[in-house]
Amino acid sequence: MDFSKEIDEESIKEVIIREIASREEAAKYSIAQRMIIEKRVFNSLRKLDVLQELMEDDEVTEILVNGPKRIFYEKRGEMLEYEYSFASEESLQNVIQQIVGKHNRVVNYTSPIVDTRLEDGSRVNVVLKPIAIDGSAISIRKFKKEALDMQFMIQQGTITSEAAEFLRTLVKNKYNLFISGGTSSGKTTFLNALSAYIPRGERIITIEDSAELKLQGIDNCVRLETRTMNTEGNRPITARDLIHTALRMRPDRIIVGECRGEETLDMLQAMNSGHEGSLSTGHANSTRDMLSRLETMVLMGSELPLVAVRQQIASGIDILIHLEKGRDGIRRVVEITEIIGIKQGEIETRVLYRYDNALAKQNELWKKGKLKNEG
């Protein structure tokens, strides 16, 4: 093929079919086998090579590449090893460059780590060899093509209908909400579902490192994405830059996809300066742990005394929502906590809802008729 000019996909497929048919060994294969080979050759040229079939499987939620020869994926909550692998480190590197190039990101020897996304919104992290000792590593967090609504989450056991109705009231009345949870606990998905409660007609500005939010029912929305230094030498655009810009764009609410560092102070100040109803997420193992992490992240970008930092947090955030992924693979809201204020220099909180695992199991047995309800 002449790669010096643009070649459309149909032309590539015709060349692949013709080349396979010309091989003597092709006579041994059935039509179905030849179609599989044709598809895989095409995927290696125009798609994500051996990863493409996993990307097309809607039940696969996560793909983890540990060098060219080891690929793992999560399906229905179970982690499995893929039977196929890349032909070489070079093939893996080609896929990596294809992924990062589409969103003006750069990953190379001098900048071997990058966060980006795929066209469908899936989140991607890349670490190149030799930082990744056994070969370049890719982590892909896939997202559902259709955004999950709160009714689906109620049916799945993520949240009770009572708690969901309570959150609807909070969002409608412009409380500032912060969602916490560990890796893969469903923070972004839950934030998307909460967005359906935002009244129509409000102007929303979203700020993300890699754009992956899928807000529901929002017409007046501006999506902003950070930028790292690229090959053209353009200066990076940070989350702090975008929050400062968002404040000049007449937002009714600001949504920061994830607070990771010093931009947390700017987010809290936005919440405290007439932008009620704002939302954000952060990594933590509990609501109390999230408060500690918020303090640390604010101190990364300021020299404020700790008591002033805690005042900012208590004034800015009204409600903390904590999610966890259970051993059964279900993501659940395990706690909804109200931030009351400051008492003796400490942030005072009150738990409004808490998931009781033992009680939930008991209720499940009652539903199945295996346990008598004695009131």
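Among residues of the range 177-220 being aliphatic (A, V, I, L, M) and out of contact with any Ser or Thr (no Cβ under 9 Å at 6 or more places or on another chain), the one that is nearest to Gly157 (Cα to Cα) is Leu194.
Residues in the range 174-201 that are under 14 Å from Gly217 (Cβ atoms) and of a type in the set (Lys, Arg): Arg200 only. Picking from residues in the range 198-220 that are buried (at least 18 other Cβ atoms within 10 Å of the Cβ) and modelled with pLDDT of 90 or more, the one that is nearest to the chain's Cα centre (by Cα) is Glu208. Scanning the range 104-122 for residues that are buried (at least 19 other Cβ atoms within 10 Å of the Cβ) and part of a strand (DSSP E or B) yields Val114, Thr116, Arg117.
Scanning the range 235-257 for residues that are closer than 20 Å to Phe178 by Cα and within 21 Å of the chain's Cα centre (by Cα) yields Ala239, Arg240, Leu242, Ile243, Arg253, Ile254, Ile255, Val256, Gly257. Here the condition is being of a type in the set (S, T, N, Q) and farther than 17 Å from Ser280 by Cβ; of Asn192, Asn234, it holds for Asn234 alone.
Residues of the range 61-95 being β-branched (Val, Ile, Thr) and at pLDDT 95 or above, which ones? Residues satisfying the conditions are Ile63, Val65, Ile71. Of all the residues in the range 130-159, those that are touching a residue at least 60 places away in the same chain (Cβ under 8 Å) and within 28 Å of Tyr353 (Cα to Cα) number 8.
Looking at the range 239-331, the strands (runs of 3 or more DSSP E) lying wholly inside it that each contain 1 or more residues that are open to solvent by less than 50 Å² (accessible area, probe 1.4 Å) and farther than 25 Å from Arg117 by Cα sit at 319-325. The residue of the range 66-86 that is surrounded by the fewest Cβ atoms within 10 Å (Cβ to Cβ), among those that are touching a helix residue (DSSP H, G or I) at 6+ places or on another chain (Cβ under 9 Å) and under 13 Å from Leu51 (Cβ atoms), is Tyr84. Selection within the range 165-184: residues that are touching a residue at least 24 places away in the same chain (Cβ under 8 Å) and assigned to a helix (DSSP H, G or I). The member of this set that is surrounded by the fewest Cβ atoms within 10 Å (Cβ to Cβ) is Lys172.
Scanning the range 25-65 for residues that are assigned to a helix (DSSP H, G or I), open to solvent by 40 Å² or more (accessible area, probe 1.4 Å) and within 23 Å of Arg123 (Cβ to Cβ) yields Arg46, Glu53, Glu56. Number of residues in the range 297-346 that are under 25 Å from Leu194 (Cα atoms) and among the small types (Gly, Ala, Ser): the value is 6. Among residues of the range 297-317 that are farther than 14 Å from Thr264 by Cα, those with a Cβ under 6 angstrom from a residue that is surrounded by fewer than 20 Cβ atoms within 10 Å (Cβ to Cβ), sequence gap 6+ or separate chain, pair up as Val307/Gly345. Take the residues in the range 336-356 that are basic (Lys, Arg) and closer than 24 Å to Arg168 by Cα; name whichever of them is surrounded by the fewest Cβ atoms within 10 Å (Cβ to Cβ). Going through the qualifying residues, I end up with Arg350.
Can you tell me which residue within the range 87-103, out of those that are part of a loop (DSSP other than H, G, I, E, B) and within 14 Å of Leu118 (Cβ to Cβ), is most open to solvent (accessible area, probe 1.4 Å)? In this case the residue turns out to be Lys102. Of the residues making up the range 126-164, those that are within 24 Å of Ala193 (Cβ to Cβ) and open to solvent by 50 Å² or more (accessible area, probe 1.4 Å) number 11.
The values are calculated or read from the model by the stated rules, or taken from the named source; none is laboratory data. Nothing here was measured: the structure is a model prediction, and the numbers come from that model. Note that we place each Cβ from the backbone using ideal geometry, even for glycine, and neighbour counts take in every protein chain shown. Heads up: the accessible areas ignore ligands, DNA and RNA and are worked out on the full protein's heavy atoms, side chains in. Shrake-Rupley method; radii C 1.70, N 1.55, O 1.52, S 1.80 Å.
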